[in-house]
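First the structure, in the form of structure tokens, and then the observations on it.
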Amino acid sequence: MTTPAIELRDLSVVFNGEAGRVQALSNINLTIDPGEFVVLIGPSGQGKSTLLNVIAGLLKPTEGEILAHGEAVSGPSRERAMVFQEDTVFPWMRVGANVDWALKLRGVAPDERKALTARYLEEVGLSHTAGAWPRELSGGMRKRVSLATAFAADPEVLLMDEPFGPLDFVTRSTLHSIVIRLWSEERKTIVFVTHDVDETLLLADRVLVIRHGEIVDDLRLDFARPRTDDLRADPDAIAMRRRLLDQLGVVDPARAALAR
Amino acid sequence: MTTPDLTSPLRRRRLARTAPSPFTTRVRTVTTVRSLVIGFTTLLVVWQLASMVVARTFAVPEQVLPSIPDILGEFKGLSDYWKGGLGLKAVQDGGDQTYRGAVLALAYGAWTTTLRMLAGFTLACIVGIALGIVIGLSARLRRLSLGPLALLAALPLLAMLPLFSFWFGATTKAAIWFVFYGTVVTVVRATVNAVDNVPRRYTDQARTLGATRLQLFRRVLLPAILPELRAGLTLALTFAWSMVLGAELLGVQGGLGAMMSQAIEFSALGRMVFISGVFIILAAASVTAFSRLTGRLLRWMA
């Protein structure tokens, strides 16, 4: 039996904010296998990002424990690199230097870094921007730099927190295919947070629905890969989409009328 | 996917304009040579016009607002402040008033004042930035230091000067420590705020990439605080000039301020104008130089 990539045991997070005690996560038990593409989906503000931050080691749980490849997590680590929702490309480093720094932190020898930086930038289609400042790039391009940086860190688990939220449809599609390609090439475990059902159907092996700080549903998606936009017409996918939308609390007025 | 041509300067500038800055503070205090010339010329013209008006209204106009030619005529008198040396006898030892003496006196005064200012300011930067980072990184220290810092900032600086003369005498040492005292609080506060304003997402990103504390400090914190720090240091620099001049005006020997104090004693308005002129040029040039120097470090923002 293989060691799970991530294991959460009886995990709870309580925030003591100005609005009083907020139970962000309660009693989460979860095992993620190596190589799995797990999507955490749920309405906003109900614990998805908190869960991801706990796995990253950026947030200490109030109770319970986190194991990454069998070892207790006590803080952030390169083995759990993260692509954030916000723009985290360092504006004071040129694009190439951003990727290069991740390689340096990973301990890659200086003479190997140049070729690797070029390779990761090429993977995301940004070879020509190595010498540019991040401000010279569009938001979508900076997101690709973040992806290249995260993969350059070569983590065992890659955490992605609504990474493509504010981007347009075309840019998102491009980024989805880049993620899927890198994931299948490098066999990483990916934990991906989103509130987008279509994104989930396209990416996930396994979907965890999170509501009110709890995992309320754990589903497997066995649709064949590579998945394309045609998935939208697949009856199983439509049923799954319906189920997820229900879980998210989306009420279709027409359907509601039929049910009555 | 279209790939923008990043080699075209026009395209680059357009992209730069549309890309949002992650920082709220952007420094745009670059003083150009042209703006200096325009400002200086305007000042001269307004002065001359005003002196012409004054000449018609007052009995002794040269003691209120002398005309530009009158002021120029007083330049030689500045050689009174040359203490002798470089083959030129001091006026007080029986030497003649010369243009060379005047230039030497001004240059030496400017040199003395600049060195004192730079010594105090540099010291304030080193101590202030270090202290500011330490305070800024700890929420508890930040809360604790809030009161003392506000108190220090509220003290009337010039009123503290006698204390410094008492401690160090009317010496260069007193001037340097006074400049230090007058600027260090500004530097500390600017640094604390800058550290506090570093977006959390950058430190989080660095930590998930496996950065150590030292790496986080050098490659993330330092560059991230630079834009805001630069604005604070520019402000402190102008304070430093006021402090050094104040110290020299109020007793510390030597430098432009001491020359100014003697000129005031003898109501030598023309001499005062020259001394102020040199002072203003020095202060403006120092801000420009500082801006150029730090501008290189902030190319990523431009």
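The values are calculated or read from the model by the stated rules, or taken from the named source; none is laboratory data. Computed from a predicted model, the values in this text were never measured in an experiment. Backbone-built Cβ (ideal geometry, glycine too); neighbour counts: all protein chains shown. We work out accessible area using only protein heavy atoms, side chains counted, and drop any ligands, DNA or RNA first. Shrake-Rupley method; radii C 1.70, N 1.55, O 1.52, S 1.80 Å.
Can you tell me which condition A:GLY140 does not meet? The list is (1) within 19 Å of the chain's Cα centre (by Cα); (2) at positive phi, and all the others hold.
(2)
Looking at region A:31-41, which of its residues are in contact (Cβ under 8 Å) with a residue 40 or more places away in the chain, open to solvent by 10 Å² or more (accessible area, probe 1.4 Å) and part of a strand (DSSP E or B)?
Residues satisfying the conditions do not exist here.
Of the residues in region A:90-113, how many are away from chain B (no Cβ under 12 Å) and touching a residue at least 12 places away in the same chain (Cβ under 8 Å)?
Residues that pass the stated criteria total 2.
Give the number of residues within region A:42-63 that are away from chain B (no Cβ under 14 Å), open to solvent by 20 Å² or more (accessible area, probe 1.4 Å) and in contact with a helix residue (DSSP H, G or I) (Cβ under 9 Å, 6 or more places away or on another chain).
Qualifying residue count, region A:42-63: 2.
Considering region A:70-84 alone, what residues qualify as being of a type in the set (A, V, I, L, M, F, W, C) and either in a loop (DSSP other than H, G, I, E, B) or touching a residue at least 12 places away in the same chain (Cβ under 8 Å) (or both)?
A:VAL73, A:ALA81, A:MET82, A:VAL83, A:PHE84
Which one is most open to solvent (accessible area, probe 1.4 Å), of the residues in region A:64-84 that are of a type in the set (Gly, Ala, Ser) and more than 14 Å from every other protein chain (Cβ to nearest Cβ)?
A:ALA72
Here is a yes/no grid of residues against (1) at pLDDT below 90; (2) polar (S, T, N, Q); (3) closer than 21 Å to B:LEU157 by Cα; (4) in contact with a helix residue (DSSP H, G or I) (Cβ under 6 Å, 6 or more places away or on another chain):
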position: B:GLY257; (1), (2), (3), (4): no, no, yes, yes
position: B:MET272; (1), (2), (3), (4): no, no, no, yes
position: B:VAL278; (1), (2), (3), (4): no, no, no, yes
position: B:THR294; (1), (2), (3), (4): no, yes, no, yes
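Just to verify a result, which residue in region B:82-91, among those that are out of contact with any helix residue (DSSP H, G or I) (no Cβ under 7 Å at 6 or more places or on another chain) and closer than 20 Å to B:GLY254 by Cβ, is surrounded by the most Cβ atoms within 10 Å (Cβ to Cβ)?
B:ALA90
Pick out, from region A:85-158, the helices (runs of 4 or more DSSP H) lying fully within it that include 3 or more residues that are surrounded by fewer than 19 Cβ atoms within 10 Å (Cβ to Cβ) and out of contact with any Phe, Trp or Tyr (no Cβ under 8 Å at 6 or more places or on another chain).
In region A:85-158, the matching helices (runs of 4 or more DSSP H) lie at A:110-123.
Assuming B:GLN97 fulfils every condition listed in (1) at pLDDT 85 or above; (2) in a helix (DSSP H, G or I) apart from one, which condition is it?
Among (1) at pLDDT 85 or above; (2) in a helix (DSSP H, G or I), B:GLN97 violates only (2).
For region B:289-297, does any single residue satisfy the condition of being in a loop (DSSP other than H, G, I, E, B) and more than 14 Å from chain A (Cβ to nearest Cβ)?
no
Taking region B:35-45 on its own, how many of its residues are at pLDDT 85 or above and open to solvent by 90 Å² or more (accessible area, probe 1.4 Å)?
2
Within region B:209-222, is even one residue within 14 Å of chain A (Cβ to nearest Cβ), closer than 30 Å to B:LEU115 by Cβ and not small (Gly, Ala, Ser)?
For region B:209-222, residues within 14 Å of chain A (Cβ to nearest Cβ), closer than 30 Å to B:LEU115 by Cβ and not small (Gly, Ala, Ser): present.
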